[in-house]
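Structure first, then comments.
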Amino acid sequence: MLNPAYVQALALTLLVMVFSLTVHEFAHAYVAYRLGDDTAARQGRLSLSPVSHVDPIGTLLIPAVSLYLGGIGLIGWA
């Protein structure tokens, strides 16, 4: 059985990571937009929604393969 303190710490860590990565990627998109690059805006990534920043390969596949191969699964991109 999983330790409740471990589950709570993991859930809090994941929540903080999702929030911080979303704000970080939005900041990239916003600055690029303000400097004249509308690529992120055209792709729908000029948003604070975490879903709009998910990349199927970098956010899902690479960390999943890393975990499967015994790594920690934190290498990827938004």
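The values are calculated or read from the model by the stated rules, or taken from the named source; none is laboratory data. Please read all numbers here as calculations on a predicted model, not as lab measurements. Neighbour counts are summed over all protein chains in view; Cβ atoms, including those assigned to glycine, are modelled from backbone coordinates with ideal geometry. Side chains are part of the model used for accessible areas, which takes the heavy atoms of the whole protein and leaves out ligands, DNA and RNA. Shrake-Rupley method; radii C 1.70, N 1.55, O 1.52, S 1.80 Å.
So the values come out like this:
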item	result
Pairs with Cβ under 6 Å, 6+ apart, first in segment 26-47 and part of a helix (DSSP H, G or I), second open to solvent by 70 Å² or more (accessible area, probe 1.4 Å)	Phe26/Leu48; Ala41/Tyr33
Among the residues listed as Gly71, Gly44, the single one being in contact with a helix residue (DSSP H, G or I) (Cβ under 8 Å, 6 or more places away or on another chain) and open to solvent by less than 70 Å² (accessible area, probe 1.4 Å)	Gly44
Odd one out for Tyr33 among (1) under 13 Å from Val18 (Cβ atoms); (2) open to solvent by 70 Å² or more (accessible area, probe 1.4 Å)	(1)
Selection count where residues are open to solvent by less than 70 Å² (accessible area, probe 1.4 Å), assigned to a helix (DSSP H, G or I) and of a type in the set (Val, Ile, Thr), scope segment 48-64	2
